Structure formats: C-alpha cells, structure tokens
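Computed from the coordinates by the stated procedures, all read-outs in this text should not be read as laboratory data. Since the model is a prediction, treat every value here as computed from it, not as a measurement.
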C-alpha cells in the first residue's frame with residue numbers, strides 16, 4: 001500500500017513510500033537486514049524503514065534490527081527523492097520474496 005506521494009515538476013505524482021508485510025518465518029533478522037542495508041546504501045538520498053512510530057535508517061543494519069520485526073509485522077519503506085524509487089522497489093521485492101529464504 002502506498003502512503004506518500006510527491007508531485008513532480010511535470011505534474012506527475014510519484015509514490016515515495018510503500019507498505020509491506022514481513023512474511024518469512026524468521027522475520028527481519030541480521031542477514032535480511034544486511035540485504036536491505038546493502039540496497040539502501042545505493043540510494044542518493046535517505047532510505048527509511050518505518051514500523052508504527054519508529055523511523056530508522058535503512059542503510060544501517062543495527063537500526064533495522066531495532067524495529068524487531070517478526071513474521072507478520074508491517075513496515076513502510078520510504079525514500080526521500082524520486083530518483084531512489086528503484087531502490088524502494090528493490091527492497092519491496094526482496095521483502096515480498098521472503099529474502100530468498102523460502103521457496
């Protein structure tokens with residue numbers, strides 16, 4: 001579910017945040033956090049993960065782990081600029097594919 005948008009100079013609206021549910025059995029643990037952080041570091045601007053009222057830097061494994069996201073947790077992935085939409089989409093796909101841990 002998209003929750004944030006930005007209006008581009010040409011009038012187009014681009015979504016800058018998307019919500020996703022952690023569905024893999026182990027939840028968001030060190031290996032999966034490292035995968036997210038690796039992708040987030042490729043962003044030109046800020047890349048953030050949000051759970052309830054906590055907002056953390058998605059480029060930091062330690063910050064991600066503080067969210068304590070077990071299976072079934074909902075998180076929002078947000079980027080600060082539209083140039084990082086491919087980063088958002090790659091993180092979203094990684095979560096949706098259960099971090100490659102399950103068939």
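With viscosity 0.692 mPa s and temperature 37 °C, the Kirkwood radius over alpha carbon pairs of the chain converts through Stokes-Einstein to a diffusion coefficient of 242 µm²/s. Cα-based values for the range 14-56, radius of gyration first and Dmax second, are 11.5, 32 Å.
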